[in-house]
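The values are calculated or read from the model by the stated rules, or taken from the named source; none is laboratory data. It should be emphasised that the depicted structure is a prediction, and the values quoted were computed from it without experimental measurement. Note: ideal-geometry Cβ built from the backbone for every residue, glycine included; neighbour counts use all protein chains shown. With ligands, DNA and RNA removed, areas are computed over all heavy atoms of the protein, side chains included. Shrake-Rupley method; radii C 1.70, N 1.55, O 1.52, S 1.80 Å.
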Amino acid sequence: MFDTIETTADVFDREMLDAMRPGPFLGIVLSGLTPRTGLDHVTLLQHHARQVAFHQAQMYEQMIAIADAVAAEDRNPTAASEGAVAEIRVALHLTRCAAEAELTMADALGSEHPEVLAALHAGRIDRRRAGAIMYGVGHLQPTEAQAVVAQILDDAAEMTTGQISARLRRLCCEANPDDAKDRYHTDLHDRRVETTPSPDGTVHLAGRDLPPDRVARIRDRINRIAQSLRRHDETRTIDQLRADVFLDLLEGHSSTPNKSTTGTGRDRGGVIDLRVDLATLAELDDRCGDLGGYGPVIADIARQIAGDSPDAEWRFTITDPATGDAIGTGATRRRPTLTQRRRIRTRHRTCVFPGCRMPAIGSDLDHTTPYATTGVTNPDDMAPLCRHDHCVRHQHGWTYTRLPDGTHHWTTKLGQTVTTQPRPP
């Protein structure tokens, strides 16, 4: 039987592999395949990932069974939980905390979200995506959580964990706006600065639970100053420049770029890029806004951003709540960017590279058809690409086309194809 499988499977039939459920038989087929091209290796990677998800689901099912077996011997729930953790800890050579986390995940999947466990078992999502979903809805009531999961599970296979988390923040906010507001203000009350020594002798400095609008302005300001300091004789990387600007601003330095980092005439407040629907802006609804570089923000914060007039420039897009289409744009205090740039960045909130969430406002504007070919700057033929993915697109031979519905169809150097969505999820 196995010889027959190996002989027939040696022909790389991607449709056949896609149609097979993960499990022992798919494992045998994959072991008999001989990849001949780069795309064949990509296909093997994808289907081995499905197999890993299948086995991860089986591991969680065994953890649930172990917990049930221990509970049958010990009627004390706390003692039974401790016993199950100990069994898993010893079996997998885990720390106690790691074993507790694994059992907690398994228990939540089995008792609260069996549909997520089923998707993992079928290889449609992996452990990271399952974890992002469980973490994202963990604060909701069970019925609310189930409703939110139902809205995202079918799309989760084509999303990164960052995209899943961003969409879940929006869905959770819309499912229970009062809870979202309470959690925001509770966390904001606990805002703090933390320093953590690293093993190499450096120190991590982090602000925790800060207001997203202020962080967006600060981040943009740091980035603009750092970009202004990039000269032909500058040896620091852009990350090093941002870090030095960050420290100089906190220390109150205002020296020239030759001595430090921040003293330039171009130092100004940062930019805020906000997207909010008109009904929320008019306080007729409480739908989340979307803050560039951060993601969903509760309605109160979106209205505060739109109503304030700080020194920083902020740009806004008012959307139709029914369709999500832009029906108005604007900017405060400073003149807006060129019309074409505004149009492109209104249409695309983020870099259009598959899975990237870098805000369009901080991205390059790329000609889908090279400018040297057409000699025309056409906003309908342009899209935002972050600097890293812009380099990938040109240096590694990736191509993409914009489809009529606003999606972008990408083809990688090895021949993979993927379609990105016109808006971030």
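If you take the residues of the stretch 121-136 that are in a helix (DSSP H, G or I) and buried (at least 17 other Cβ atoms within 10 Å of the Cβ), which of them is farthest from the chain's Cα centre (by Cα)?
121
So in the stretch 361-379, with the set limited to residues that are open to solvent by 20 Å² or more (accessible area, probe 1.4 Å) and small (Gly, Ala, Ser), which one is modelled with the highest pLDDT?
Ranking the candidates gives 362 first.
Among the residues in the stretch 153-160, are any in contact with a Pro (Cβ under 9 Å, 6 or more places away or on another chain), among the polar types (S, T, N, Q) and either closer than 30 Å to residue 276 by Cβ or open to solvent by 80 Å² or more (accessible area, probe 1.4 Å) (or both)?
yes
For the stretch 48-94, how many residues meet the condition of being within 24 Å of residue 23 (Cα to Cα), in contact with a Pro (Cβ under 8 Å, 6 or more places away or on another chain) and of a type outside the set (Lys, Arg)? Please lay out each step first, then the result.
First, the residues of the stretch 48-94 that are within 24 Å of residue 23 (Cα to Cα): 48-66, 88, 91-92.
Checking which are in contact with a Pro (Cβ under 8 Å, 6 or more places away or on another chain) leaves us with 50-51, 53-54.
Of the ones still in play, those that are also of a type outside the set (Lys, Arg) are 51, 53-54.
So the answer is 3.
Take the conditions acidic (Asp, Glu), assigned to a loop (DSSP other than H, G, I, E, B) and modelled with pLDDT of 90 or more and apply them to residue 194. Does it pass?
Working: acidic (Asp, Glu): yes; assigned to a loop (DSSP other than H, G, I, E, B): no; modelled with pLDDT of 90 or more: yes.
Answer is no for this residue.
From the list 21, 89, pick out the single residue that is among the basic types (Lys, Arg), within 27 Å of residue 418 (Cα to Cα) and at pLDDT 90 or above.
Working: 89 fails: within 27 Å of residue 418 (Cα to Cα).
Only one candidate passes the filter, namely 21.
Pairs please, first residue from the stretch 76-97 and acidic (Asp, Glu), second anywhere and part of a helix (DSSP H, G or I), Cβ atoms under 6 Å, 6+ apart in sequence or on different chains.
From residues that are acidic (Asp, Glu), the pairs are 87/66.
Enumerate the helices (runs of 4 or more DSSP H) found wholly within the stretch 8-118, keeping only those where 3 or more residues are of a type in the set (Val, Ile, Thr).
Details: elements: 14-19, 24-31, 38-73, 77-92, 96-111.
Of the helices (runs of 4 or more DSSP H) lying wholly inside the stretch 8-118, those with at least 3 residues that are of a type in the set (Val, Ile, Thr) span 38-73, 77-92.
Would you please name the residue that is least open to solvent (accessible area, probe 1.4 Å), looking only at residues in the stretch 35-67 that are over 21 Å from residue 127 (Cβ atoms) and out of contact with any helix residue (DSSP H, G or I) (no Cβ under 7 Å at 6 or more places or on another chain)?
Here the answer is 40.
Answer with yes or no whether residue 223 is among the polar types (S, T, N, Q) and in contact with a Gly (Cβ under 9 Å, 6 or more places away or on another chain). Break it down into steps so the answer makes sense when it comes.
Values: among the polar types (S, T, N, Q): yes; in contact with a Gly (Cβ under 9 Å, 6 or more places away or on another chain): yes.
So residue 223 passes the test.
Based on what the data block shows, is residue 74 at pLDDT below 90, open to solvent by less than 70 Å² (accessible area, probe 1.4 Å) and more than 25 Å from residue 138 (Cα to Cα)? Show your work before the answer.
Working: at pLDDT below 90: yes; open to solvent by less than 70 Å² (accessible area, probe 1.4 Å): yes; more than 25 Å from residue 138 (Cα to Cα): yes.
Yes: the conditions hold for residue 74.
How about the stretch 206-219: which of its residues are open to solvent by less than 50 Å² (accessible area, probe 1.4 Å) and within 13 Å of residue 243 (Cα to Cα)?
Of everything in the stretch 206-219, just one residue is open to solvent by less than 50 Å² (accessible area, probe 1.4 Å) and within 13 Å of residue 243 (Cα to Cα), namely 206.
Condition test on residue 70, is it touching a helix residue (DSSP H, G or I) at 6+ places or on another chain (Cβ under 9 Å) and either basic (Lys, Arg) or farther than 20 Å from residue 145 by Cβ (or both)? Talk me through it step by step, then tell me what you get.
On the way: touching a helix residue (DSSP H, G or I) at 6+ places or on another chain (Cβ under 9 Å): yes; either basic (Lys, Arg) or farther than 20 Å from residue 145 by Cβ (or both): yes.
In short, yes.
Go through (1) free of Cβ contacts under 8 Å to residues at least 24 places away in the same chain; (2) in a loop (DSSP other than H, G, I, E, B) and name the single condition residue 154 misses.
Going through (1) free of Cβ contacts under 8 Å to residues at least 24 places away in the same chain; (2) in a loop (DSSP other than H, G, I, E, B) one by one, residue 154 breaks only (2).
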